[in-house]
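Asker: Have a look at the structure that comes next, please.
Every read-out reported here was derived from the displayed coordinates using simple, explicitly stated rules and does not represent laboratory data. Since we're looking at a predicted model, the values are computed, not measured. Note that each Cβ is placed from the backbone with ideal geometry, even for glycine, and that neighbours are counted across all protein chains shown.
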Amino acid sequence: MTSDQVIDLLQEAYNDELETVMNYLTNSIVLDGVHAEGIKESLDLDVDEELNHARMLGQRLKQLDARPPSSFDFEAAQSGLQPPEDSTDILSVIDGVIEAEEGAIETYRALINAAEEADDPVTEDLAVELLSDEEAHRAEFRGFRREYKD
């Protein structure tokens with residue numbers, strides 16, 4: 001039997017993935033400057049992957065007779081990933097992406113533990129897969145971060 005904690009974490013992750021899609025998409029559009037192109041391209045590619053994560057989480061919730069959150073359930077939390085006032089402030093976006101990925105990593109690690117405790121190997125496997133993707137995104141943006149000086 002899947003626990004309420006598993007459902008709550010799946011819903012939290014779903015919400016976070018959709019917020020990430022919104023912020024990645026906006027940042028991929030509004031950033032300016034020569035150094036912005038690589039970041040914009042990466043964010044644009046990541047939009048599709050993060051949206052797919054939300055789809056997978058939503059499908060898992062449906063399989064568990066739970067409902068993915070809708071827009072009335074949405075609570076924004078990614079303050080660090082908001083588009084900068086200065087559209088050439090690439091560093092703030094890079095730092096925001098790293099922060100968002102670390103939040104996702106933390107959520108997926110909690111989901112792995114909760115799913116294991118609930119004897120829910122399907123959710124556990126899904127969380128492991130998504131954790132791997134988020135760790136790869138974080139590594140990519142840590143690489144971008146090393147290219148910039150404060």
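Asker: Label-point separation (nm) for D86 and R146, each offset 7 Å from Cα along Cα-to-Cβ?
Answerer: Inter-label distance under the simple model: 2.5 nm.
Asker: Want the number for R67 to S3: 0.36 nm per residue separation, take away the alpha-carbon distance, what's left?
Answerer: Extra length from R67 to S3 when fully extended: 21.6 nm.
Asker: Here's something else I'd like to know. Consider just the alpha-carbon atoms of the chain and return their Rg together with their Dmax, both in angstrom.
Answerer: Taking only Cα atoms of the chain, I get Rg and Dmax of 15.9, 53 Å.
Asker: With the cut-off at 1.5 for a/c, could you classify the range 71-150 from its C-alpha gyration tensor as rounded, prolate or oblate?
Answerer: Here the range 71-150 falls in the oblate category.
Asker: I'd like the distance between the alpha-carbon centres of the range 54-69 and the range 85-150, rounded to an integer number of Å.
Answerer: About 20 Å separates the Cα centre of the range 54-69 from the one of the range 85-150.
Asker: Cβ neighbours within 10 Å, averaged per peptide: list 9-17, 26-34 in order, most packed at the top.
Answerer: The densest-packed peptide leads the list: 9-17, 26-34.
Asker: OK, next. Given a Förster distance of 41 angstrom, what is the FRET efficiency for R109 paired with V30, based on the Cβ-Cβ distance and rounded to 0.05?
Answerer: It comes out at approximately 0.85.
Asker: Here's something else I'd like to know. For the chain, which DSSP H helices look membrane-span-like by this rule: Cα extent along the axis of 20 Å or more and mean Kyte-Doolittle of at least -0.5?
Answerer: The answer, listed by residue number, is 4-30, 90-117.
Asker: Which GluC sites (Glu not before Pro) does the range 27-94 hold that lie in a coil by DSSP with at most 11 other beta carbons within 10 Å?
Answerer: On the way: sites: E37, E41, E49, E50, E75, E85; in loops: E75, E85.
Here the GluC sites (Glu not before Pro) that fit, given the DSSP loop and packing criteria, are E75, E85.
Asker: Would you mind working out the magnitude of the charge dipole of the chain relative to its Cα centre, with +1 at each Lys and Arg C-beta and -1 at each Asp and Glu C-beta, to the nearest 20 Debye?
Answerer: Numbers: 11 positive and 38 negative charges, 39 e Å.
Here the chain has a charge dipole of around 180 debye.
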